[in-house]
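Notes for the one structure printed next.
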Amino acid sequence: MQRIAVVDLGTGNLHSVAKALEKVAPGARVSVTAEHARISDATHVVLPGQGAIGSWLDALSGAGLRDVIASAIKSRPVLGICLGLQALFDHSDEDGGTTGLGILPGAVRRFTPVSDSVGPALKVPHMGWNNVAQRCLHPLWQGINQDVRFYFVHSYYVDAAEPVDIAGTTEYGVRFTSAVARENVFAVQFHPEKSHHQGLQLLENFVLWNGEVEC
Amino acid sequence: MGLAKRIIPCLDVDEGRVVKGVRFVDIRDAGDPVEVARRYDEQMADEITFLDITASSSARDTMVEVVREVAAQVFIPLTVGGGIREVADIHRMLHAGADKVSINTAAVNRPQLVSEASRYFGAQCIVVAIDAKRCADHWEVFTHGGRNATGLDAVDWALQMAERGAGEILLTSMDRDGTRDGFDLALTRAVSNAVSVPVIASGGVGELSHLARGVQEGGADAVLAASIFHFGQYTIRQAKEHMAACGIEVNMQ
């Protein structure tokens, strides 16, 4: 039986992530947890996150979870969502500059609102349904159409330094990294748990994933 | 391609039941928020907004349960407004499965709430709802469903709320609400031009062309409507098809 741990740092809406996983994996045990043993014992680890990255990383350290997460990232299928994507990188401009987990090279930058003669042309946060261009073949993209829209809500975006890590890109004023894949880790900027059928498909693909990639 | 303009059906909920007569042809229980939300989900709504109009504070826990049940079955973003007074209320709603909360009167009473909530939960889940009425050459902010004047200018207020960390403005014209005459496009344009956060236009939708005009003439990032969808006059999909035919990016998949 699959044991899916949704890492709970006390921020935001994790109920939806858990319910979406339960829907796509009725046979699995889904726990929303900060318990080390639960996370270490899980076959699949989901790292969701909302809010400010500084406090999120503080909460991760405060719960003593940095090593647990680092070890999961080395050994099992891990899905990062939103801050769970951004935190994987070296550095974020948020909160006056924040050092990330440094698992992937690259930086997290803020969208700059843009105005034209009519008014604001680019609103921040980037909020709503936008296209994701799949940049590689990956088990998590199976059954999901190229350029389909997912639900985004964020003010900072990932600028991945290694093209080989980029699994998906999205355009919003800039072309940013909306999905990354490296070995047993997959992470997305959008919210699959809020993205209708295509989001549930991605979650189902994750639950069925053994962590191997042919890209 | 690109970020789609959103269509958001809004449901009024009183003590856990959908009110204002939702009339789908073949719905079993039009008062059940879960069933109504599922219908809108099937019709490809981009988000759903619940407005809790429960008068008694003792019945407010009911809304938390409604959110919990809907969020377990409907996998699109949910916004909850009505009765959000403090950080603890926001925490309960987000924990139950809401993605955003909308704050109206409490923001007027204590603007600091918006700063605190945004810092704690992130701007992405804090919507400030503004009810505005035209007064001579500007628009004034009202609370309590348009009964109480605040003396605040709606455009200035929207700016101030965005600066305090609102991630989105839900802008309702009290002059148009319920008239089916279309959005107050000048109001929508004035607020949309002033703030750098997304603006949801609300109040007055009576036909599909109103939705498209809210985006094209009002500059709205999203449009919210109630009765044209509830009474089965149009489906969300028809609204999207109309907007797409007007050249607006919508999410049709």
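Structural remarks
- Top-ranked residue of the stretch A:159-174 - restricted to ones that are among the acidic types (D, E) and either assigned to a strand (DSSP E or B) or in contact with a Pro (Cβ under 6 Å, 6 or more places away or on another chain) (or both), ranked as least open to solvent (accessible area, probe 1.4 Å): A:D159
- Among the criteria (1) part of a loop (DSSP other than H, G, I, E, B); (2) β-branched (V, I, T); (3) away from chain A (no Cβ under 14 Å), the one B:I76 does not fulfil is (3).
- Test for A:D165: is it among the acidic types (D, E) and within 14 Å of chain B (Cβ to nearest Cβ): no
- The stretch B:66-81, residues that are surrounded by fewer than 20 Cβ atoms within 10 Å (Cβ to Cβ) and of a type outside the set (D, E): B:R68, B:A72, B:Q73
- Restricting the stretch B:1-19 to residues that are of a type in the set (A, V, I, L, M) and in a strand (DSSP E or B) leaves a set whose member that is most open to solvent (accessible area, probe 1.4 Å) is B:V19.
- Scope the stretch B:143-200; condition open to solvent by less than 20 Å² (accessible area, probe 1.4 Å), touching a His at 6+ places or on another chain (Cβ under 8 Å) and of a type in the set (A, V, I, L, M); matching residues: B:A154
- Looking at A:D67, A:D8, just one residue is open to solvent by 10 Å² or more (accessible area, probe 1.4 Å) and within 18 Å of the chain's Cα centre (by Cα), and that residue is A:D8.
- Of the residues making up the stretch A:102-113, just one is assigned to a loop (DSSP other than H, G, I, E, B), surrounded by fewer than 19 Cβ atoms within 10 Å (Cβ to Cβ) and more than 10 Å from chain B (Cβ to nearest Cβ), namely A:G102.
- Within the stretch A:114-158, no residue satisfies the criterion of being hydroxyl-bearing (S, T, Y), part of a loop (DSSP other than H, G, I, E, B), closer than 27 Å to A:N13 by Cα and more than 8 Å from every other protein chain (Cβ to nearest Cβ).
- Filter pass, B:E241 being within 14 Å of chain A (Cβ to nearest Cβ) and at pLDDT 95 or above: no
- Here A:G49 does not fit the description of being assigned to a loop (DSSP other than H, G, I, E, B) and open to solvent by 20 Å² or more (accessible area, probe 1.4 Å).
- The residues of the stretch B:201-236 that are within 13 Å of chain A (Cβ to nearest Cβ), outside any loop (DSSP other than H, G, I, E, B) and open to solvent by 50 Å² or more (accessible area, probe 1.4 Å) amount to a single one, B:Q216.
- B:R85 meets each of the listed conditions (1) crowded, with 19+ Cβ neighbours inside 10 Å; (2) in a loop (DSSP other than H, G, I, E, B); (3) among the charged types (D, E, K, R) apart from (1).
- Failed criterion for A:L203 (all others in (1) open to solvent by less than 10 Å² (accessible area, probe 1.4 Å); (2) facing chain B (nearest Cβ under 10 Å); (3) not in a helix (DSSP H, G or I) hold): (3)
- Every residue from the stretch B:145-156 that is in contact with a helix residue (DSSP H, G or I) (Cβ under 8 Å, 6 or more places away or on another chain) and not in a strand (DSSP E or B): B:A154, B:V155
- For the stretch B:46-65, the criterion of being at the interface with another protein chain (Cβ under 10 Å from one of its Cβ atoms) and open to solvent by less than 10 Å² (accessible area, probe 1.4 Å) is satisfied by at least one residue.
- Test: residue in the stretch A:89-106 that is of a type in the set (A, V, I, L, M, F, W, C), more than 17 Å from B:G2 (Cα to Cα) and over 15 Å from the mean Cα position of the chain (by Cα): no
- For the stretch B:123-144, the condition holds for no residue, the condition being that it is at pLDDT 95 or above, within 14 Å of chain A (Cβ to nearest Cβ) and part of a helix (DSSP H, G or I).
- As a summary of the residue check, B:R119 satisfies the conditions (1) at the interface with chain A (Cβ under 10 Å from one of its Cβ atoms); (2) crowded, with 17+ Cβ neighbours inside 10 Å except for the one numbered (2).
- Tally, over the stretch A:20-38, of residues that are over 17 Å from the mean Cα position of the chain (by Cα), touching a residue at least 24 places away in the same chain (Cβ under 8 Å) and assigned to a helix (DSSP H, G or I): 4
- Residue that is most open to solvent (accessible area, probe 1.4 Å) [pool: residues in the stretch A:175-194 that are in a loop (DSSP other than H, G, I, E, B) and away from every other protein chain (no Cβ under 13 Å)]: A:E183
The values are calculated or read from the model by the stated rules, or taken from the named source; none is laboratory data. Note that the structure is predicted; figures quoted are calculated from it, not measured. All Cβ positions, even for glycine, are placed from backbone atoms using ideal geometry, and neighbour counts span all protein chains on display. For accessibility, only protein heavy atoms count, side chains too; no ligands or nucleic acids. Shrake-Rupley method; radii C 1.70, N 1.55, O 1.52, S 1.80 Å.
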